[in-house]
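A short worksheet on the structure shown next.
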Amino acid sequence: MFATTAIALALATAGPNVDNPYFPLPVGRQWVYREGAQRVEVTVTDRTKLIANGVTARVVTDHVTERGVPVEITEDYYAQDARGTVWYLGEDTTEYVHGKPVSKEGSFEAGVDGARAGIIMPARPKVGMQFRQEFYAGHAEDRAKIVSLRERVKVPLRRYKRTLMTLETNPLEPDVLEVKFYARGVGVVLAVGISGDTDREELTRIR
């Protein structure tokens, strides 16, 4: 874990332009994923947001639908520091049931009510690195560990070699484990639940 002072110094250099090879966010790019009957569209907008902790973040939308009906609509906030580490600064999420909004659970913003920024992708990832991806006590506490830099995966879009693989956990859901695979120049290409929730989210298109 980064020491508190080191985190503050890193965030002081962070801004909305994100070009980390394993998590690039060029404005206008859209990734389309399939997760069972659900369609997931992740889009990098040209909008930014000044976060409560003083960092200007890029706004990325994440729309989950099933047969055209919204399931979850989220705005995520990312920034990259001078060394190239990508930080996650919060989200504004809404869950829907039968097309109607029912919950904002999981929403948070770094600097509000004790919430803090987390790391999505280190500047120089190495096997064995562990980091907190988000922290809002009792609401958002995802953690990740890099377990490989050489995984091969196949998704509907194509095959990828030498992907970065993480194992993700959350103390709020101790029975749930998920692995994610990141390809250089692309970002997340596959996410698979291996315990608890066993869904598989696969990249089908990049626009």
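The values are calculated or read from the model by the stated rules, or taken from the named source; none is laboratory data. Values in this document were obtained by computation on a predicted structure and should not be read as measured data. Using ideal geometry, Cβ is built from the backbone for each residue, glycine included, and neighbour counts are taken over all protein chains shown. We work out accessible area using only protein heavy atoms, side chains counted, and drop any ligands, DNA or RNA first. Shrake-Rupley method; radii C 1.70, N 1.55, O 1.52, S 1.80 Å.
List of remarks:
- Of the residues making up the stretch 117-146, just one is outside any loop (DSSP other than H, G, I, E, B) and more than 19 Å from Phe23 (Cβ to Cβ), namely Tyr136.
- Residue list for the stretch 35-48, filter: in contact with a Pro (Cβ under 7 Å, 6 or more places away or on another chain) and open to solvent by 60 Å² or more (accessible area, probe 1.4 Å): Thr48
- All of Met121, Met129, Met165 fail the test of being modelled with pLDDT of 95 or more and more than 22 Å from Leu203 (Cβ to Cβ), apart from Met129.
- Checking each residue in the stretch 22-53 for being closer than 28 Å to Glu66 by Cβ, more than 17 Å from the chain's Cα centre (by Cα) and in contact (Cβ under 8 Å) with a residue 60 or more places away in the chain picks out only Gly36.
- Residues that are more than 24 Å from Phe23 (Cβ to Cβ) and in contact (Cβ under 8 Å) with a residue 24 or more places away in the chain within the stretch 95-111 comprise Glu95, Tyr96, His98, Gly99, Glu105, listed in sequence order.
- Applying the criterion of at least 1 residues that are within 25 Å of His63 (Cβ to Cβ), open to solvent by 50 Å² or more (accessible area, probe 1.4 Å) and not charged (D, E, K, R) to the strands (runs of 3 or more DSSP E) found wholly in the stretch 147-207 leaves 200-206.
- Positions within the stretch 98-146 being on the phi > 0 side of the Ramachandran plot and either open to solvent by less than 70 Å² (accessible area, probe 1.4 Å) or of a type in the set (D, E, K, R) (or both), in sequence order: Gly99, Gly106, Gly111, Asp113, Gly114, Gly128, Gly138
- Annotation note: Cβ proximity below 8 Å between a residue of the stretch 2-21 that is on the phi < 0 side of the Ramachandran plot and a residue that is of a type in the set (Lys, Arg) (sequence gap 6+ or interchain) occurs for Ile7/Arg116; Ala10/Arg83; Thr13/Arg83; Pro16/Arg58; Asn17/Arg58; Val18/Arg58; Pro21/Arg184.
- Hey, Val60 among the aliphatic types (A, V, I, L, M), without any contact (Cβ under 8 Å) to a residue 40 or more places away in the chain, open to solvent by less than 50 Å² (accessible area, probe 1.4 Å) and within 23 Å of Arg200 (Cα to Cα) or not: yes
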